[in-house]
Structures are given as C-alpha cells and as structure tokens.
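Everything below concerns the one structure shown next.
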Amino acid sequence: MKFVVVAHSVGFANWQRYLYSNIDVTAPRRYFVYKVKKLFLTPPSHPNHRLRAMIFRILLCLAAVVPAAHAAGQFADEDVQFFQEKVVPVLKDNCLRCHSGSEPEGGLLLTTREGFVEGGDSGSAVDFVSHADSVLLQALNYDGYEMPPTGQLAPAQISAVTTWVEKGLPWPSDMKEIEFEAPHGPPQVNDENKQFWSFQPVAATPVPELGGDIRNPIDAFIAKKLATAGVKPSKAASADVLIRRMHYDLLGLPPSAQFLTDWTKKLQPIGSEVIDQDQVLLLIDELLASPHYGERWGRHWLDLVRFAETNSYERDGAKPFVWRYRDYVIRAFNEDTPYDQFIREQLAGDELDQVTPNSIIATGYYRLGRWDDEPADPKLAFYDDIDDIVSTTSQAFLGLTVNCARCHDHKIDPIPQRDYYRMVAFFHNIRRYGVRSNESVLAASVREIDQQTDEATFKAAQARYQNQLTDVETKLQRIEKKIQADLQDVEKEELQYDMNRIPIVAKRKGTLLTDKEFNRYKQNFERLQKLREDKPTGLASALCVTENIHKVKPVFILTRGNPHAEGDEVTPGFPSILSPPEISIPDAGEGAVSSGRRRVLADWIASSDNPLTARVMVNRIWQFHFGRGIVRSSSDFGFQGLAPTHPKLLDWLAQRFVETGWSIKTMHRLVMSSDAYQMSSAGNDDAYAIDPNNDLLWRFDMRRLSAEEIRDSILWANGSLNTQKMYGPSIYTDIPDAVKAGQSRPGSGWGNSSPEDKARRSIYIHVKRSLQDPLLQSFDSADTDLPCPVRFVTVQPTQALGMINSEFINKQAQVFADFLKSQTTDRTQQIQMALNRVTQRTATDLEVQHGHELMTSLQSEHGLSSGQALKYFCLVALNLNEFIYLD
C-alpha cells in the first residue's frame with residue numbers, strides 16, 4: 001500500500017515530482033500521522049496553504065486504514081535472522097544502556113521496533129524513503145549527532161545497522177521487545193572486571209610477521225590492521241613536508257629557509273624518489289638536541305598538571321617562584337630525564353635518597369592548583385585541595401578518574417569510595433598552600449635552595465641584597481604612611497596583599513599624592529618584585545611541598561564527601577582493581593620533615609609492574625605526534641574511556657618504553673622514523689569510505705598549530721622572536737584595556753615587560769587564571785583549572801577577527817613589513833620572502849602576482865602609501881591557512 005509524500009516548501013508545479021514517492025505505511029499509524037503533519041502543516045500565509053490543508057485532511061482519513069505494524073511473516077526469515085545475529089548485539093553493547101527502560105535518553109526507546117519508528121525528541125530515528133537521512137544512521141556516522149558518545153562504531157557494525165534500515169527494520173513477529181537489563185549499581189572489584197584490558201599487566205607482544213619490506217615494528221602492527229580491512233595506506237610525504245612537520249612537532253617553530261633547503265637535499269637527493277632513513281634519524285637527533293625541544297614538549301606536560309602562576313578566585317594572587325617548576329619541566333625534557341625519575345621527583349622529590357635543588361623544585365607540582373585564601377569552610381577547602389591533587393595525579397600518571405569516587409563508589413569504573421580515601425591518605429599530611437596572608441604562603445610552601453659554597457661571596461651578596469630590600473621597603477612604606485589615615489578599614493586589610501597595593505595607592509593620586517610620588521611608588525614596587533624573584537645565589541627560593549609531620553592525622557571515609565561526616569578510618573593504599581602489591585608505610589624517624597608516604601606512592605606509580613603508567617605515557621607521546629592517541633581518551637583508560645585502536649601496538653610501545661630506560665627521546669626516534677608518521681595527509685576515497693575517522697592510520701592527519709605555535713610563528717616570521725633568552729621569571733604581553741576590564745580589579749597583577757621580553761616564546765608568558773593573553777585564549781590554550789589532556793581545536797569568529805583586527809596582529813604585521821624593507825627594497829623579493837617565511841616554501845609566480853595586485857590596489861584605490869600597502873600584504877600573509885595548518 002503506497003501513499004503520496006509531498007515535500008514541504010515546494011510549489012504546486014513541483015508536487016507531481018513527489019507524487020509517487022513512497023512512505024512505509026506499515027509503520028504505526030501515529031508515525032504516519034506525525035510524518036504527514038511534519039510535511040503539510042504550513043503557515044496560513046503560505047500560497048499553497050489551502051491546497052496542502054485539503055490534501056492533509058485526505059491523508060489523515062487514509063491513515064486511519066494504515067495497518068499498525070507488519071503482520072507475521074511479512075519479513076523474510078533471513079532478514080529477521082540478520083537482525084537477531086548482526087544488529088541486536090550492536091544495540092545491546094552500544095545503545096540500550098541509555099535507550100531502554102521507562103525513561104530513555106532523549107525520549108528514544110530502542111528496545112522495540114515502534115521505538116525506532118516513533119523516535120524521540122529529534123523525531124523518528126529512521127527515514128523509510130531516504131535511508132541515508134535517518135537520524136539513527138547519521139548519528140552512527142558522526143554526521144551531526146555522535147552516537148555512541150564513547151566512540152564511533154566499527155565500520156562493520158555501522159554497515160549492519162545500515163543494511164537493517166534499508167531492509168525496512170525487519171523484526172521477529174513473536175518478539176515485542178529486545179530483552180535487556182541495564183547494569184545496576186557501580187562496577188565491583190572482582191575477577192571479571194580485573195580482566196579489563198588496561199587493568200592487565202603489559203603483555204609481551206610479538207611484532208607481526210608480514211611479508212614485504214617493513215623497517216619499523218610500528219608499521220608491522222599498523223599494516224596488519226590495514227590489510228585486514230582492505231585499506232591501502234597513503235604514499236610517503238615529500239621531504240619538505242616531512243621536515244616542516246618534524247620541526248614543528250619537536251620544537252614548535254617553523255624551519256628556516258636554509259635549514260629546509262639543506263635537509264631536503266639530505267633526505268631526498270635530486271633524482272631520488274625515496275626518503276633516506278639514515279638522514280631522517282640524523283635530523284631527528286639534531287632537533288632533539290635543540291634547547292627549544294624542551295620548550296615545546298614541556299608545554300604538553302604543563303597542560304596535564306594544570307600549570308598556572310596565580311591562585312584563582314577573586315584576588316587571583318601570584319604564586320611565588322612557580323616559574324622555577326616550569327623551568328624544571330623544560331630542562332627535564334631537554335635532558336631526557338627518565339620518565340620514572342620524572343615521576344618520583346614531582347611526587348616525592350623531597351623524600352628521595354638523594355634530594356637535590358631540582359627535586360625540591362619538582363614538588364612545586366603540588367602547588368599548581370587553585371587556592372581559596374578565604375574559605376567559608378576551611379575543612380572543606382582542605383579536602384578540595386587534596387581532591388585536586390588526587391584528580392591530577394590519577395589522571396596525569398595513571399589515566400584513571402579516581403576523583404569520581406570522592407562522594408560515592410565510582411559509577412563507571414570499579415573504584416570504591418574506600419580506594420579514593422586510601423589515595424587521599426598519601427597526601428593528607430601536606431601543609432595547605434597557605435592560610436591567608438603572603439607570609440603564611442612563604443612559611444608553608446617556599447624553601448631556599450642552591451646554597452652557595454663560597455661563604456664569603458655568599459655573605460657579601462646577602463648583605464647587598466638585604467640593603468636593597470630594606471631601601472625599597474622603606475620608600476614604599478613612606479608613601480603608604482602618607483595615605484594611611486585616608487584608608488577605609490577594608491583597604492587597610494587589603495593593603496597587605498601585593499596585588500592590591502598599586503590599585504589602592506593609585507586612588508590617592510592627584511589628591512594625597514602627586515603624579516611624581518605615585519610613579520616613584522610604582523617603580524619601587526616593581527623593583528621590590530624583581531628583588532624577590534632574583535635573590536642572590538645562596539638565597540634562591542622555590543615553591544615546593546611541605547608536610548606537617550608533628551602529628552600524622554588519621555584519614556576517614558567522608559560520607560557523601562562531607563568532611564564533617566567521618567566514617568571508617570582508612571590507611572594509604574593503591575586502587576584495588578589494579579591488583580597492587582601489599583603496601584608498607586615507613587615510620588617517620590627522629591627529625592623527619594615528611595612522612596615518606598608520597599615516596600611509596602611515587603615508587604609504585606613509577607614501577608615497571610604498574611599496568612597503566614607506561615601505557616598512558618606512550619599513548620600521550622603518540623597523541624602529540626599524531627594528533628590523537630591510540631586511546632583517544634588519553635586520561636581515561638577506564639570503562640568509559642575509548643578502547644585502543646591498536647591495543648597490541650600500545651602494549652609493544654609500553655614494553656619498549658620501559659626496556660629503553662623510560663627515555664622519551666628514544667620513543668620520539670622510534671615513532672618519527674615509522675612509515676605511519678612519514679605518510680602524506682592526502683585523502684583516498686576508497687579508504688575514507690571504509691575508515692572515515694582514520695582509526696586505521698591509512699594517512700597522516702593534518703593539524704592546526706597550537707595557540708603558542710601560532711604566536712611564536714608570527715614573531716618568528718617577522719624576525720622579532722627572541723629565542724636566545726630562556727628560563728627565568730615569566731613575562732607580560734600587551735593586553736588591551738578592554739580585556740583587562742573583565743577582572744574585578746582591571747589590570748591587577750599584570751606587569752609590563754621590556755620589548756625584548758615581550759618577544760620571548762609563549763611558554764614564558766605569565767599564566768594568570770583570571771586574565772590570559774587574548775590570542776592564546778582565542779586559539780584554545782589549555783584550561784588551567786583542571787588537567788588538560790587534549791586541547792580543543794575550535795573554529796570560531798573571534799579567531800579570524802583577532803588575526804585581522806587585533807592590536808597585536810596589526811603591530812606584528814608592521815614589524816614584518818619593516819623587517820622585509822630592511823632586507824630588500826625590491827617589491828617582488830619582499831613578496832617572495834614574506835611568503836617563504838610564512839609557508840616555508842618558494843612562492844609560485846601566481847602568488848607573487850596576487851601580492852603585487854593586492855598592494856597596487858591598496859595604493860591606487862584606497863590611497864595607501866607603499867609602506868602601508870606592504871603592511872597589509874604582511875597581514876594577509878599571516879592569515880593564510882597554510883600558515884595556521886600543518887600538513
């Protein structure tokens with residue numbers, strides 16, 4: 001039985017085209033009525049409204065005779081069998097957990113055929129006329145909706161559901177609904193759940209034996225899956241593309257023209273079609289030896305540990321000496337500090353057998369989070385701080401969301417609430433960052449390091465320093481005393497915080513203070529800040545962890561996470577689902593300054609027997625090279641995380657990582673020398689049809705540069721980037737007043753660096769939680785409140801507006817133009833040089849012609865000078881897609 005389907009928003013002349021379109025009237029009657037209403041209800045103002053209304057009434061009458069569902073036997077037996085064998089398992093494993101029961105997600109019930117047809121909040125799940133337009137199939141193909149949210153189904157699964165829809169949803173006549181019982185309660189720690197892939201020890205994985213010439217074991221694993229799926233990999237990338245890719249990946253900067261020319265000749269000599277792999281290894285080694293490697297890869301780690309230099313909340317005051325932690329991370333990557341040592345230094349650097357200034361600085365890890373200096377509930381604030389540490393430690397090092405068990409047993413993973421508080425017990429004796437004042441922060445979180453061996457030199461430097469400090473404090477207090485009587489009570493209290501001193505004194509400028517007095521006060525305040533940051537050798541200070549060892553406090557399970565509702569007492573312990581070893585907590589000896597508990601935790605996490613640590617880190621290394629990890633949910637290796645696309649490769653890499661002494665640089669060499677990494681990003685229709693998400697790694701995914709890479713590349717292109725100065729206190733970029741106005745105290749805590757410092761790399765920019773550099777924020781810099789394993793890559797209007805209209809980009813375009821003019825006065829050469837510095841390739845004749853045409857039109861049609869035209873050409877060059885995206 002067939003009925004007419006008339007498309008909405010078409011004129012009468014087009015209706016005949018739709019006259020014989022079919023609708024599956026074997027569907028339930030209310031579905032048919034719903035479709036008719038959707039197609040024919042038009043506004044009264046529509047010219048065809050009356051005619052449509054007439055047809056609508058006719059079809060409603062006809063709908064009354066539509067059968068409610070397929071009668072028994074109307075589906076072929078083989079189609080019903082296909083549904084039961086191929087489709088039902090897919091639905092049970094991936095869909096019914098959310099789309100079953102009395103209150104299915106989105107109103108979409110998928111345990112009955114009627115549920116598919118009626119649909120939910122988004123309408124019917126299937127379209128019997130145009131199958132590809134079915135919401136169900138669009139969601140499975142991640143076209144609009146993305147279901148299931150934990151990751152796209154395998155191509156074979158999507159194909160099975162697609163075939164089922166095309167067959168008309170065959171369904172057994174004797175089955176009312178799919179029997180499905182959603183799991184109740186949180187997962188338990190039992191033998192069955194311990195079999196989950198990431199909770200198992202890293203297996204010794206043999207490399208697949210395949211025919212052909214496979215140089216790198218990584219490629220053997222990938223080639224096997226590609227062959228099984230019938231997908232051919234892309235060809236190798238050209239030498240110039242590969243060099244640019246490697247340079248950005250390891251250094252975060254573009255290669256110079258000379259570097260690119262020299263290495264292109266080495267990698268692919270003239271006449272050769274093959275990349276010389278021996279030269280590739282030499283190139284990788286040269287890049288890894290650069291000090292800028294640590295600046296690039298250190299940034300990845302800072303994302304993970306939510307690095308910031310201020311405390312958040314209303315005051316958002318600065319953390320003293322926190323930049324030393326950033327410098328420690330950069331040096332650790334440059335020196336290829338073994339990853340297991342890197343773990344131990346951050347978690348227990350003050351408890352190691354050999355405590356060094358470096359290991360003390362590393363424990364600044366514990367001081368990177370937010371700090372509420374005026375908590376309404378101090379006990380709750382203490383546990384919030386500890387929760388932040390548990391969350392960061394478990395996610396960054398273990399890829400587990402242990403923090404989800406703070407108030408109750410974990411709802412997704414087999415992590416009981418007891419295990420959460422056993423983790424808390426490792427950190428329970430840590431002194432809080434501070435109580436309220438700056439003095440309390442210095443007492444609880446700052447230690448002196450690097451004691452000078454030459455006592456006479458040290459004492460002389462100390463005396464000079466103390467005299468300078470006394471002098472500047474005296475000058476500041478002289479001005480503050482002058483305004484003391486005018487201060488309100490709240491201002492007298494706020495004046496003790498450094499971040500408030502300038503704003504409070506500034507209010508008296510022009511009344512109690514002259515402009516000259518205020519400017520002198522401001523200069524002395526800035527001098528004080530520099531003195532505090534640059535103590536003489538022997539007085540260098542670091543932000544670090546300290547413990548209250550006088551009384552080791554017991555730890556209790558907190559009912560519903562409430563610190564005022566203590567339950568059973570617990571002792572330190574590891575997540576039981578990982579089948580950890582028995583734990584032994586040492587007794588703190590006489591004169592001990594720490595409990596030794598964090599050392600126990602660090603040793604277990606850094607152990608080669610830990611099933612997660614090596615897997616998680618090699619997955620991150622893979623992610624930062626390929627744009628996504630073998631496990632895409634790189635900080636969640638639990639039940640809700642995504643399964644690895646190449647599980648055997650992941651285990652092989654983890655095993656290799658440990659065997660090579662936890663060397664990150666060794667892993668770079670291994671990954672970057674693979675054919676998988678050196679592939680072209682070119683598309684392939686056949687491969688795309690089978691694997692649109694490139695899970696099988698049949699090509700290399702293009703990526704947009706990160707926020708820091710974009711800013712650094714702008715400065716590099718115009719010749720102003722300061723790559724010589726590394727380390728030290730952070731710098732301040734120019735932020736427009738309109739942006740600063742978003743603070744409770746506009747501009748508070750944001751300094752003014754020298755032009756030389758403003759041109760330093762982005763990793764050295766002061767990270768203020770309440771005020772971030774607009775360009776970096778616009779291009780998706782890391783969230784500093786939580787661990788950031790994967791950055792968003794958005795495309796939004798503010799990016800385009802900032803790259804064409806902002807003060808920063810226009811200033812840099814002018815610097816670029818001045819740089820070009822300093823190199824040559826020939827316009828053609830200026831165009832060629834600009835495009836080369838932006839794209840790292842030789843400009844084509846057509847591109848040069850377009851550059852000439854643009855500047856000529858700017859001068860002739862808009863009356864700009866030659867210099868202004870060059871500036872705007874530079875602005876356009878910095879906005880090229882090829883500049884922002886890496887092939």
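Rundown of residues vs (1) out of contact with any strand residue (DSSP E or B) (no Cβ under 7 Å at 6 or more places or on another chain); (2) of a type in the set (A, V, I, L, M, F, W, C); (3) loosely packed, with under 13 Cβ neighbours inside 10 Å; (4) outside any loop (DSSP other than H, G, I, E, B), yes/no style:
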position	(1), (2), (3), (4)
Asp191	yes, no, yes, no
Val202	yes, yes, no, no
Glu209	yes, no, yes, no
Asp213	yes, no, yes, no
Ala220	yes, yes, no, yes
Ala223	yes, yes, no, yes
Leu226	yes, yes, no, yes
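Report, by residue number, each residue of region 228-252 that is acidic (Asp, Glu) and open to solvent by less than 30 Å² (accessible area, probe 1.4 Å).
Asp249
Restricting to region 107-147, name every residue that is in a helix (DSSP H, G or I), open to solvent by 40 Å² or more (accessible area, probe 1.4 Å) and in contact with a Pro (Cβ under 8 Å, 6 or more places away or on another chain). Hits for region 107-147 are Glu114, Glu118. For region 477-497, a residue qualifies if it is in a helix (DSSP H, G or I) and more than 43 Å from the chain's Cα centre (by Cα), and the qualifying residues are Gln477, Arg478, Ile479, Glu480, Lys481, Lys482, Ile483, Gln484, Ala485, Asp486, Asp489. All told, Met855 falls short of being more than 29 Å from the chain's Cα centre (by Cα), within 20 Å of Leu260 (Cα to Cα) and of a type outside the set (D, E, K, R). Per the conditions (1) at pLDDT below 95; (2) surrounded by fewer than 19 Cβ atoms within 10 Å (Cβ to Cβ), the sole criterion not satisfied by Val441 is (2).
Evaluating Pro729 against the criteria (1) crowded, with 18+ Cβ neighbours inside 10 Å; (2) at pLDDT below 95; (3) under 22 Å from the mean Cα position of the chain (by Cα) leaves one unmet condition, (3).
Considered as a group, the residues in region 282-323 that are in contact with a Ser or Thr (Cβ under 6 Å, 6 or more places away or on another chain) and outside any loop (DSSP other than H, G, I, E, B) include one that is modelled with the lowest pLDDT, and that residue is Ala318. Pairs are defined by a Cβ separation below 9 Å, a sequence spacing of at least 6 or placement on different chains, a first member in region 122-151 that is among the polar types (S, T, N, Q), and a second member that is part of a loop (DSSP other than H, G, I, E, B) and open to solvent by 50 Å² or more (accessible area, probe 1.4 Å); the pairs so defined are Ser122/Tyr145; Gln138/Gly144; Gln138/Tyr145; Asn141/Pro692; Thr150/Gln640; Thr150/Ala643.
So which of Arg620, Arg628, Arg599 ends up being among the basic types (Lys, Arg) and open to solvent by 40 Å² or more (accessible area, probe 1.4 Å)?
Exactly one residue qualifies, and that residue is Arg599.
Screening region 688-705 for residues that are closer than 27 Å to Asp783 by Cα and touching a Leu at 6+ places or on another chain (Cβ under 9 Å) and picking the one that is most open to solvent (accessible area, probe 1.4 Å) gives Met702. Note on region 253-276: residues that are in contact (Cβ under 8 Å) with a residue 40 or more places away in the chain and either under 27 Å from Arg761 (Cβ atoms) or exposed (fewer than 14 other Cβ atoms within 10 Å of the Cβ) (or both) total 5.
Return yes when Val435 is of a type outside the set (Phe, Trp, Tyr), within 42 Å of the chain's Cα centre (by Cα) and part of a helix (DSSP H, G or I) and no when it is not.
It is false that Val435 is of a type outside the set (Phe, Trp, Tyr), within 42 Å of the chain's Cα centre (by Cα) and part of a helix (DSSP H, G or I).
What pairs can you find where one residue is in region 308-336 and within 18 Å of Ser663 (Cβ to Cβ), the other is of a type in the set (Lys, Arg), and their Cβ atoms are less than 6 Å apart, with a gap of 6+ or different chains? Once the first residue is within 18 Å of Ser663 (Cβ to Cβ) and sits in region 308-336, its partners that are of a type in the set (Lys, Arg) give Asp336/Lys665.
In region 579-593, is there at least one residue being open to solvent by less than 20 Å² (accessible area, probe 1.4 Å) and under 34 Å from the mean Cα position of the chain (by Cα)?
First, pick out the residues of region 579-593 that are open to solvent by less than 20 Å² (accessible area, probe 1.4 Å): none.
No; the residues of region 579-593 include none that is open to solvent by less than 20 Å² (accessible area, probe 1.4 Å) and under 34 Å from the mean Cα position of the chain (by Cα).
Scanning region 742-773 for residues that are modelled with pLDDT under 90, of a type outside the set (D, E, K, R) and open to solvent by 30 Å² or more (accessible area, probe 1.4 Å) yields Gly742, Ser744, Pro746, Gly749. Residue count for region 545-558 under the criterion of being open to solvent by 40 Å² or more (accessible area, probe 1.4 Å), outside any strand (DSSP E or B) and modelled with pLDDT of 95 or more: the result is 0. Check region 418-432 and report whether any residue there is of a type in the set (Val, Ile, Thr) and in a helix (DSSP H, G or I). Yes: region 418-432 contains one or more residues that are of a type in the set (Val, Ile, Thr) and in a helix (DSSP H, G or I).
Return yes or no: is Ala461 assigned to a helix (DSSP H, G or I), in contact (Cβ under 8 Å) with a residue 60 or more places away in the chain and small (Gly, Ala, Ser)? Taking the combined requirement at face value, the residue satisfies it. Of the helices (runs of 4 or more DSSP H) lying entirely inside region 800-887, those carrying at least 1 residues that are in contact with a Ser or Thr (Cβ under 7 Å, 6 or more places away or on another chain) are 807-823, 827-839, 845-860, 881-884.
The values are calculated or read from the model by the stated rules, or taken from the named source; none is laboratory data. Fair warning: this is a prediction, and the values are worked out from it, not measured in the lab. Every residue, glycine among them, receives a Cβ derived from its backbone with ideal geometry; neighbour counts consider all protein chains shown. The protein model used for the area step is the full one, side chains on, heavy atoms only, and it has no ligands, DNA or RNA in it. Shrake-Rupley method; radii C 1.70, N 1.55, O 1.52, S 1.80 Å.
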